[in-house]
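J.: Quick one: the structure is below, and I'll ask about it shortly.
Each value in this text was obtained by applying a stated rule to the coordinates, not by laboratory testing. This structure is a prediction, so every number in the text was calculated from the model and none was measured. Quick reminder, even Gly has a Cβ in these numbers, built from the backbone with ideal geometry, and neighbours come from all protein chains shown.
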Amino acid sequence: MKLSERPQGSCTLVGAGPGDPELLTVKALRAIESATVLLIDDLVSEPIAALAPANARVIQVGKRGGCPSTPQSFIEKLMITEVRKGERVVRLKGGDPFVFGRGGEEVESLREAGIAVQVVNGITAGLAAVTSLGLPLTHRDHAHGVMFLTGHARSGGDTDWRALSCLAHSQRLTLVIYMGVRSAGQIAQELLHGLPAQTAVAVVQNVSLPEQRHIATTLENMAQDMARHRMGSPAVIVVGEVMDSLASAQAHPHKQLQTA
Ligand code: SAH
C-alpha cells in the first residue's frame, strides 16, 4: 500500500472520569465508540472499558503505584506504532488525563514523533470525591481556593508539606491529595505544623463506584482512622474547613456516612 493510500491514524487521550460511566463526557464517549485501538489504565472502571466497540483491540496497560506495570516508554511506543498503522487510537485514562496521569509525558512523546494528539477532559477523582459527599471544594465563607497535590512525589521532588500547611491555613485553601494512602501518616504529621489538629478531613475511596466508601475525621486522627477503617487505594484525601459540613451531610441517609 502506498503511503498516501494508508488510512489516517489518530490519537486521542481521553479522561474516563472516576469510574461511573454516567460521569463520562459526551466527547469521551464518542471517542471511545469510534476507536479501533484502546489502551486502558487500570483505574478505568470495567463498565467504561466495556463501552469499547466489539471489533476494537483493547490493551490493558495497568500502572498502579507499587504494582508491576507496563513501562511508560512501551505505552508511548505502542501508541505511535498503532497511529502510524492508521488506527484510531484512544488512550483511556482515569479521571482527567492531565491531572497526575502522566498524560503530559504521553502528549510530549507523541508530538516529538510528529503525531497530533487530541485531549478530552475527564472529571478528576478529587472533584468527584467531594461532590459525591454533597460538599463544595470552595466556599465564600470557608475556602478560597483548592490545591491538587500528589502524596507520591517523584524521588527528589518531595512536597514541602509544612510550607503548604501554612499557606493552606492563611489562605484558606482546601487540599486535595491524590496517591496519599501510603504516606498518610507522614503527610498528616507535616500538615499539623501549620494547620489546627481539628481541621476536618475526608478520605474517599473508590469514588463514584458502587463500592465507594469514606470516613470523616480530623487531621490529628486521620492516619489512625484510615488504618482502622482499612482505607486503601484508590482514595483521595481532602483536608480543609469545607469538610466540616460533612457532619451535617450525615443527616442524609443515602450518603452512607461513616464517621470515624
Ligand atoms: N488522572 C487521575 C489521577 C491519577 S493518579 C484523576 O484525574 O483522577 C491516581 C490517584 O488518583 C489514586 O491514587 C487516587 O488518589 C486517585 N483516584 C483515581 N481514581 C479514583 C477513584 N475512583 N476513587 C478515589 N481515588 C481515585
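J.: Using 7 Å Cα-to-Cβ label points, what is the Thr81/His152 separation (nm, one decimal)?
T.: Distance between the two pseudo-spin positions: 2.6 nm.
J.: Right, next: Pick from Ala197, Ala54, Ala143 the residue whose mean-square fluctuation is largest in a GNM of the chain, springs joining Cα atoms under 10 Å.
T.: Ala54
J.: Next up: Fewest to most neighbouring Cβ within 10 Å: what's the order for His214, His152?
T.: In increasing order of surrounding Cβ atoms, one gets His152, His214.
J.: How much of the DSSP bridge set in region 8-120 is antiparallel, in percent, rounded to the nearest 5?
T.: Close to 5 percent.
J.: Sticking with this one: Could you put Asp41, Asp244, Asp158 in order, starting from the residue whose Cβ has the fewest other Cβ atoms within 10 Å?
T.: Ranked by crowding around the Cβ, least crowded first: Asp158, Asp244, Asp41.
J.: Continuing with the same structure: Between Thr70 and Glu33, what is the label-point separation in nm under the 7 Å Cα-to-beta-carbon projection?
T.: Between Glu33 and Thr70, the label points sit 2.5 nm apart.
J.: A further question follows. Along its three principal axes, how long is region 89-164 when you only count alpha carbons? Whole Å, largest extent first please.
T.: The principal-axis extents, from largest down, are 48, 32, 18 Å.
J.: Of all beta bridges DSSP finds with both residues in the chain, what is the antiparallel percent, to the nearest 5?
T.: The antiparallel fraction comes to roughly 40 percent.
J.: Separation between the Gln189 and Gln60 pseudo-spin-labels, each 7 Å from Cα along Cα→Cβ, expressed in nm?
T.: 3.6 nm
J.: Considering the Cα trace of the chain, what is its radius of gyration and what is Dmax, both in angstroms?
T.: Cα only, the chain: 20.0, 68 Å (Rg, Dmax).
J.: Take region 8-120, drop everything but the C-alpha atoms, weight them equally and run the Debye formula without solvent; then report log10 I(q)/I(0) at 0.16 Å⁻¹ to two decimals.
T.: -0.64
J.: To the nearest 0.05, how large is the calculated FRET efficiency for Glu112 and Arg182 if R₀ is 30 Å and r is the Cβ-Cβ distance?
T.: Once the sixth-power term is evaluated, E becomes 0.35.
J.: Which of Met231, Met179, Met222 comes first, and how do the rest follow, when ranked by fewest Cβ neighbours within 10 Å?
T.: Neighbour counts put them in this order, fewest first: Met179, Met231, Met222.
J.: Extension gain Asp141-Ala197, at 0.36 nm per residue separation less the Cα-Cα distance, in nm?
T.: Using 0.36 nm per residue and subtracting the Cα-Cα distance, I get 18.2 nm.
J.: Measure nothing fancy, just the Cα-based angle from helix 161-171's long axis to the longest principal axis of the chain, in degrees from 0 to 90, nearest 10.
T.: Between helix and principal axis, roughly 70 degrees.
J.: For region 125-256, divide the Cα radius of gyration by the Kirkwood radius and give the resulting Rg/Rh value with two decimals.
T.: Taking Rh as the inverse mean 1/r over Cα pairs, Rg/Rh reads 0.93.
J.: How charged is the neighbourhood of His142? Take every other residue with its Cβ under 9 Å from the Cβ of His142, and add Lys/Arg as +1 and Asp/Glu as -1.
T.: Summing Lys/Arg as +1 and Asp/Glu as -1 gives -1.
J.: Using a cut-off of 13 Å between beta-carbons, work out the net charge of the residues near Ala184 (Lys and Arg +1, Asp and Glu -1, Ala184 not included).
T.: Once positives and negatives cancel, what remains is 0.
J.: Same structure again: For helix 72-84, report the angle its Cα long axis makes with the longest principal axis of the Cα atoms of the chain; keep it between 0 and 90° and round to the nearest 10°.
T.: Long axis of 72-84 versus the principal axis of the chain: about 40 degrees.
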